[in-house]
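To keep things clear, I will list the structure first and then write my remarks on it.
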Amino acid sequence: MRSPKLRRSTLIAKRAAVAFVCLQLAALAAVLAGNLVPNRAVLDALREGIRTGAITEADTLPLSTGGISDQFGECVMLSIGLGSREGDGWLTRAVTSPNLRRCSALVASIEAHPDDEPRTGVRKLRYWNGLSSIARPALALVGVNGLRVIAMLALAGSIGALAWAVTAARGRWAAVALLGPVAATGDLLGVVQVFHHPLMLAVAFGGITHLARRARKGHTWDQLVIPAFVAGSAYSFVNLMNFVPGLWVMSAGVVAACAPDGIDLRSRIRRMLAAGLAWPAGYMSMWAGKWAWASLATSWSSVADEVLGQIQFRINGETPHATGRFAAGLRVTVRHWLDQPLTPVVVALSCLVVLLLSVRVARRGSQRILTLAAIASGTPMLVIWLLFFNNHHEIHYWFEYRSLPLLLGVGLMALAVAARAPSPETPTEPSEHATPQL
């Protein structure tokens with residue numbers, strides 16, 4: 001007879017397999033649904049955007065807020081589904097993500113074909129580019145600027161929902177500590193200059209909000225695995241490898257912070273680890289699923305060559321924009337964050353808060369210190385990530401730096417939770433050894 005632990009592990013594995021299959025089918029269905037929007041309607045919206053100046057040939061745009069707007073990525077996302085090759089079928093178009101690439105190429109392609117669809121696109125086999133399922137219908141209905149407004153509202157709503165969830169679990173100061181650094185130093189006004197970054201963050205914060213609510217209700221580690229797996233998969237679907245370490249660690253940290261007061265340290269760590277391992281597993285599985293779909297439409301060798309080539313390039317590849325030297329990505333990312341107008345003030349205030357709250361946490365005993373360490377234990381992962389994907393961060397430092405304030409927020413939230421007086425009504429702790437609920 002199988003032991004309870006083995007039965008639990010088997011059940012979780014089965015659920016993860018079912019979740020993976022369902023998520024892959026849902027991802028394909030969403031992209032196919034977006035592709036039902038006629039290319040003519042999307043092209044009309046892009047031509048109008050070019051005419052009004054909403055789309056220009058500039059790939060990056062320095063902002064008065066101190067940040068840089070990622071027009072390059074937005075142009076790629078705006079044109080997903082366009083520029084397909086002659087003879088491409090519906091599946092090939094969905095899983096190879098044809099697009100008109102950078103802004104200068106997009107503008108040139110559209111202006112060169114005023115009455116026809118451009119046929120000079122490129123393929124992106126590595127990512128799902130799931131934002132096309134939102135962008136294409138929105139472009140047809142409200143145009144480029146309308147799409148940006150939708151993205152801005154989605155981001156604002158997701159931040160509000162996450163703040164509410166953390167406040168309900170740990171009080172308003174924990175929510176301020178978590179979200180304050182990124183709000184002050186992450187150039188959110190610059191973020192909403194484009195549509196893809198706000199929508200990515202909205203999906204990520206939505207997933208973290210759901211995890212916070214489940215953690216607050218006392219869900220055990222085995223009940224958090226699949227929700228974290230789904231949250232990571234959903235972010236991977238809309239993501240282009242942006243802000244990954246910050247959001248990954250935030251997911252695990254929020255779960256550990258929002259768990260009820262009445263649980264022991266071991267149970268809190270288990271829940272943090274469940275989210276911290278399941279979230280990247282979901283993220284990577286969604287990626288790997290795209291590779292399988294793309295290999296059906298092209299060939300496995302072409303997908304493998306592109307994926308392996310990009311992995312090698314992102315680690316230490318040299319370009320006109322990157323030296324590939326060890327830790328260059330870490331250095332330039334940190335430097336750019338420190339150059340943001342409010343960062344010195346936020347860092348100074350954070351140091352003061354750390355000094356004051358550390359004394360309070362120490363006075364509350366070793367259990368509070370261990371709780372602080374458990375919640376914040378994932379933050380060193382950012383340094384490891386930056387060192388490993390060195391080239392990626394050296395090239396894209398001007399938006400990847402936002403993982404730094406996200407991680408600072410996790411650390412400050414951990415202090416706020418550890419320093420907070422325990423709730424007068426401690427929730428009953430469900431048994432970590434109970435059979436997972438179906």
Full-extension gain in nm, Ala29 to Trp90, via 0.36 nm per residue minus C-alpha separation: 20.8 nm
Cut-off 13 Å (backbone N to label point 7 Å along Cα→Cβ of Phe326), residues of region 361-401: 387-388
Answer label for Cα extents along the principal axes in Å (calculated), chosen among (i) 71, 59, 42; (ii) 116, 50, 40; (iii) 100, 55, 44: (i)
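Based on the Cβ-Cβ distance of Asp44 and Met284, what FRET efficiency does E = 1/(1 + (r/R0)^6) give at R0 = 45 Å, to the nearest 0.05?
0.75
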Carbon + sulfur, % of accessible area of the chain - ligands and nucleic acids excluded, 1.4 Å: 65
Theoretical ellipticity at 222 nm over the chain - DSSP helices of four or more residues, -39500 (n - 2.57) apiece, nearest 500: -23500 deg cm²/dmol
Cα centroid separation - region 290-307 against region 143-172, whole Å: 35
Average accessible surface area per residue within region 215-330, 1.4 Å rolling probe, Å²: 37
Distance (nanometres) between label positions extended 7 Å along Cα→Cβ at Asp339 and Gln310: 2.7
In nm, spacing of pseudo-spin labels at Arg363 and Asn145 (7 Å Cα→C-beta vector): 5.5
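Sequence gap at least 6, Cα distance under 8 Å: using those rules, report the relative contact order of region 248-322 to the nearest whole percent.
Relative contact order, region 248-322: 24 percent.
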Average accessible surface area per residue within region 21-65, 1.4 Å rolling probe, Å²: 50
Accessible-area order (highest first, 1.4 angstrom probe) of the listed residues Leu125, Leu36: Leu36, Leu125
Mean Cβ neighbour count within 10 Å, used as a protection proxy, ranking 51-59, 281-289, 170-178 highest first: 170-178, 281-289, 51-59
The chain - Cys residues lacking any other Cys C-beta under 4.7 Å: Cys22, Cys258, Cys351
Most to least packed among 402-408, 132-138 [average Cβ atoms within 10 Å]: 402-408, 132-138
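The values are calculated or read from the model by the stated rules, or taken from the named source; none is laboratory data. Keep in mind that what you see is a predicted model, and the values were worked out from it rather than measured. Here the Cβ is made from the backbone with ideal geometry for all residues, glycine too, and neighbour counts use every protein chain on show. To get the accessible areas, we keep the full protein, side chains included, count just its heavy atoms, and leave off ligands, DNA and RNA. Shrake-Rupley method; radii C 1.70, N 1.55, O 1.52, S 1.80 Å.
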